[in-house]
Amino acid sequence: MSKSDSIWAKVDLKSSPEKFYGFFRNHLGDLVNLIPENYKSIQLVEGQHFSGGNVVLFKFRFGVGHQLRTEKWAIRALDDVKKYIIYEAVEGDVLKEFKVLRAKVEAVNGGSSKVGRGNFTKWTVEFEKANQNVGSPQNYLELFVKISKGVDAYFSNN
């Protein structure tokens, strides 16, 4: 019997958590322009806005050999006050590897500190393997970290 597990990563932000979260809330499709080496298309296929219950179709490259993947992810929850969004894979080859794969992106206002503002984003990937021969979804987490750094750099320079 499989059990649920999770992995996570924290990325320090130079930009504001509000702008960072706003990108994922309102401009997710712009990843195609921001990180074209990975994202080929992002399309809302169920619903009219990026809101809870709607489904997004992603065509992207990642992992060994940069294979092209087509996956549908549902927006399971979002909170504009706490600045987080939870996505869950609902269709695609990923479901051959994982019974459940969820990703939560959260933008955190860390307040001021002597070292910097302390703002960061945290990605948490929850998963349940389809079988014991499947590794953890580390390649997804690495892609999410890359996205975070790209979005943060964009807002830091604009």
> Taking only pairs six or more apart or across chains, which ones have beta-carbon atoms under 7 Å, a first residue in the stretch 130-145 that is farther than 13 Å from Lys104 by Cα, and a second residue that is part of a helix (DSSP H, G or I)?
Replying inline: Ala130/Lys96; Ala130/Glu97; Val134/Glu97
>> Go through the stretch 13-36 and report how many residues are more than 15 Å from the chain's Cα centre (by Cα) and farther than 20 Å from Ser156 by Cβ.
In response: 0
>> With the requirement that a residue be in contact with a strand residue (DSSP E or B) (Cβ under 7 Å, 6 or more places away or on another chain) and surrounded by fewer than 17 Cβ atoms within 10 Å (Cβ to Cβ), what does the stretch 119-133 give you?
In response: Lys122, Glu128, Ala130
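Rule-based calculations on the coordinates, nothing more; no lab input. Just so we're clear, the structure is a prediction, and the values are computed from it rather than from any experiment. Methodologically, a virtual Cβ is constructed for each residue, glycine included, from the backbone with ideal geometry; neighbour enumeration extends over all protein chains shown.
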